[in-house]
Structures are given as C-alpha cells and as structure tokens.
Amino acid sequence: MNNGKSPVYARVTGTGGYLPGYPVSNFDLVARGIDTSDEWIVERTGICSRHFAAEGETSGVMAKIAAERALAMAELDPALLDLIIVATSTPDFVFPSTACLLQGALGNHGATAFDVQAVCSGFVYAFAVADKFMRSGTHKKALVVGSDAFSNILDWQDRGTCVLFGDGAGAVVLEAAEAPGVLSSVLRADGSQSGILSVPGQVRCGKVWGDPFLRMEGQAVFRNAVRVLASVAEECCQAAGIKSHEIDWLIPHQANIRIIDATSRKMGLAREKVIITVDRHGNTSAASVPLALDEAVRDGRIERGQRVLAEGVGGGFTWGAVLFEF
C-alpha cells in the first residue's frame, strides 16, 4: 500500500503503435468479391481503409512491436516493468495469456502479467486497472497494450461487419509520479446487452461449438454507443472536477464516424479537438484508442500538460473513460 504523504499518479511516459501490412481500401474489398461499395462504407462509417495481419502475425506479435516502440519513447528497459496488461479479444491461445507471452518476448521476468477482455473497451479498462495498481503504491512501471486481430473472426460473407474492422496494436508505458497523470476513470458494463455484439461460439472437446464469427446488431450497437459515450465522458470529467469543454483532446473508440461526431456534439466539443483515425484504421477494437493516441503524440498534436480523455465502448456490453494529463 502507498503510505507516502503525497498521492501517486500513473503518468504516460511512452506511446507506441503498429499497423500490419499495407492499407486495404474499400475498393480492395470489392475486388475480393465482397458485396459492397466504397460509397456505401464511407457514407455509413467513414472508413476508407484498414490493415490486416498476415498469417502468423498474432495479437501477441503485434503487441510486442507496439510495446517496444512505447518503451523506446519512454527510454525504459523492459526488465524494469513490474506490471504488464494486454487488452485483447483475440488472444494467441486460450492460455497462457497474451500478456505472459509478451512478457517472455520482451525478456521481462517477474512482473505481474495478465489479459483484460472487454472487447473494444479493453484498452480503457486496462489503463484504468493499471492506474489502480499504481495508486496503491505496489507497482511503479507498467506497460498497457491493446492488440487485436479481428480479421481472424470475421465472416467475409457478412458485409455488415467484415468491412468495419481492422487489425493492429497500440501501447502506453505508465510510470509512477507525484505530478498528475491519470485524473479519473469510469468503467461500466451491462450484461443484459451481451447479444448485440458477440462471437457466440466456443472450443470444446477439440471442436468449435456454435458460431465462431463476430455477430453484431448494428443499429442496437449504434444507439447504445451514442447513449453511453457522452454520458461516461461527462461522468469522468465530473469525477476530476472539470467540465468537458476544459479537456484539450477527446480520443474516442474508432468504430464509426457518425458515433464519434454524435458524441462530440453532445459534449459540446469542436471536431478539431477530437482525434480521428477510423478513416484509415477501421475499427481495431482494443487497439483503436492507443493507436490514435500514439499517432497524435508523435505528430505533435498532443503536448505535455494537456488533458486527454480516452473512451471506449464494446461488446459485453462494456464502456468506460479515462481522463489523464499527458
């Protein structure tokens, strides 16, 4: 436990991201025989392209590249990490966890390591959990990764879902500090809505039972996402004692430009204060928020001392937000 006189904050000291292969455009999907069009996809989602992992390029493989880039920015030896959390819905194996695989790949020994499964909210969940560990005083250097390879669970005959998703990984390094880092976090879930976005299958006795592909009730997901994202952002700001208009940047889950625009309007934020990558990345699930964060940090938009609110919503039904000072 933290018995010190001053509070301990989890401060972001490094970010990293990885997108596999080359961009796959909407026209490329049409050429592959998917019954859709660039106009249909762009109008409904804002997505123009996405990336797909190559064979053998697992969530763990992508996580390692993103993690190494974040550690390099933080100038931190991975051996010094004492906490590793990977948010993923597409783990390399049933077990061991992808976090343990990543730990081994990085050459770390002894750090607490585990996966978090909250689908597209996963990174926000993992970020908040890491903050709680660090505020307790038990852990001082954490690596939080969101990594997903949704191309492995897409039904390529279902044009309503297969055009939406992409693969990738994003990571942050958090280090304990007395100066403010994470200011507040709010995590929520509603299991009664589990059927609107799911992969309703399982491996049992060496066989796949049920449906192994991602299934989504698009309109229900849209309605719920718009409803909860603005409210959880406001709740997170209130917990930190600020108004939503006082944040410098909003990094929403990158699923659909219409959801992003509706959320920012409800919050009274100009689009110029919203980090948007969905047009080029598609929905990369747990990787979407850290990928967007890394891009905005590296291109200079997000600067030290600015307030950033990251939020996600996904299957479960889960949602949450984390407010931090970069």
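The values are calculated or read from the model by the stated rules, or taken from the named source; none is laboratory data. None of these values were measured; they are calculated from a predicted model. Heads up, the Cβs are rebuilt from the backbone with ideal geometry, glycines too, and the neighbour counts pull from every protein chain shown. SASA here: full protein model, heavy atoms, side chains in, ligands and nucleic acids out. Shrake-Rupley method; radii C 1.70, N 1.55, O 1.52, S 1.80 Å.
Taking amide H positions as modeled 1.01 Å from N, with prolines and chain starts lacking one, the residues under 5 Å from Lys140 and 5 or more places away or on another chain are Asp82. Indicate, rounded to the nearest 5 percent, the antiparallel portion of the DSSP beta bridges found entirely in the chain. Around 70 percent of the beta bridges assigned by DSSP in the chain are antiparallel ones.
Please go through the stretch 82-150 and write out the chymotrypsin sites (Phe, Trp or Tyr not before Pro) that DSSP classes as loop and that have at most 12 other C-beta atoms within 10 Å. Answer in residue order: Phe93. Judged by the ratio a/c of the largest to the smallest principal axis of the C-alpha gyration tensor, the stretch 233-294 counts as prolate, that ratio being 1.5 or greater while a/b is larger than b/c.
Simple rule: put +1 on each Lys or Arg Cβ and -1 on each Asp or Glu Cβ in the chain, find the dipole, and look at Gly181, Ile196, Ile84; the Cα lying farthest toward the positive end is Gly181. FRET efficiency for the pair Gln238 and Arg44, taken as 1/(1 + (r/R0)^6) with r the Cβ-Cβ distance and R0 = 30 Å, rounds to 0.35.
In this rough spin-label picture, where each label sits 7 Å from Cα along the Cβ direction, the Arg258-Glu68 distance is 4.1 nm.
Using the Cα centre of the stretch 64-123 as the reference point, and only Cβ charges (+1 on K/R, -1 on D/E), how large is the resulting charge dipole? Debye, rounded to the nearest 20. Let's see the in-between values first.
Values: 2 positive and 6 negative charges, 26 e Å.
The dipole magnitude comes to about 120 debye.
Taking packing as the residue-averaged number of other Cβ atoms within 10 angstrom, the listed peptides 214-221, 280-287 run from highest to lowest as 280-287, 214-221.
What a 1.4 Å probe finds exposed on the chain is 53% carbon and sulfur by accessible area, rounded to a whole percent.
Rolling a 1.4 angstrom probe over the protein heavy atoms with all chains in place gives the stretch 252-326 an accessible area of 30 Å² per residue.
Less than 18 Å from a label point 7 Å out along the Cα-to-Cβ axis of Glu217: which backbone N atoms in the stretch 307-326 qualify, by residue? Counting only backbone N, you get 314-319.
For Cα extents along the principal axes in Å, the value calculated from this model appears in (i) 56, 46, 38; (ii) 61, 47, 38; (iii) 72, 54, 49 under label (ii).
With the contact rule set at Cα under 8 Å and sequence spacing of 6 or more, what percent relative contact order holds for the chain? Don't skip to the end; give the middle numbers.
Details: 820 pairs, mean separation 83.7, N = 326.
Here the relative contact order equals 26 percent.
Which whole DSSP H helices in the chain pass both tests: a Cα extent of 30 Å or more along the axis and a mean Kyte-Doolittle value no lower than 0.0?
On the way: long enough: 218-240 (33 Å, 0.50).
Within the chain the helices that satisfy the rule are 218-240.
Charges at C-beta only: +1 for Lys and Arg, -1 for Asp and Glu. How large is the resulting dipole of the chain about its Cα centre, in Debye rounded to 20?
Numbers: 29 positive and 36 negative charges, 139 e Å.
Dipole of the chain, to the nearest 20 debye: 660 debye.
Could you please report the charge total around Val322, scoring K, R as +1 and D, E as -1 over all other residues with beta-carbon less than 15 angstrom from its beta-carbon? Net of charged neighbours comes to -1. Taken as Cα centroids, the stretch 75-124 and the stretch 212-258 sit 25 Å apart, rounded to the nearest whole angstrom. The residues packed around Leu187, meaning those with a beta-carbon under 14 Å from its beta-carbon, carry a net charge of -2 if Lys and Arg are +1 and Asp and Glu are -1. The label-point distance for Lys207 and Glu55, in a model that sets each label 7 Å from Cα toward Cβ, rounds to 2.6 nm.
Using the Cβ-Cβ distance between Arg188 and Ala31 with R0 = 45 Å, the FRET efficiency computed as 1/(1 + (r/R0)^6) comes to roughly 0.65.
Modelled spin-label separation between Glu75 and Glu178, with each label point placed 7 Å from Cα along the Cα-to-Cβ direction: 2.1 nm.
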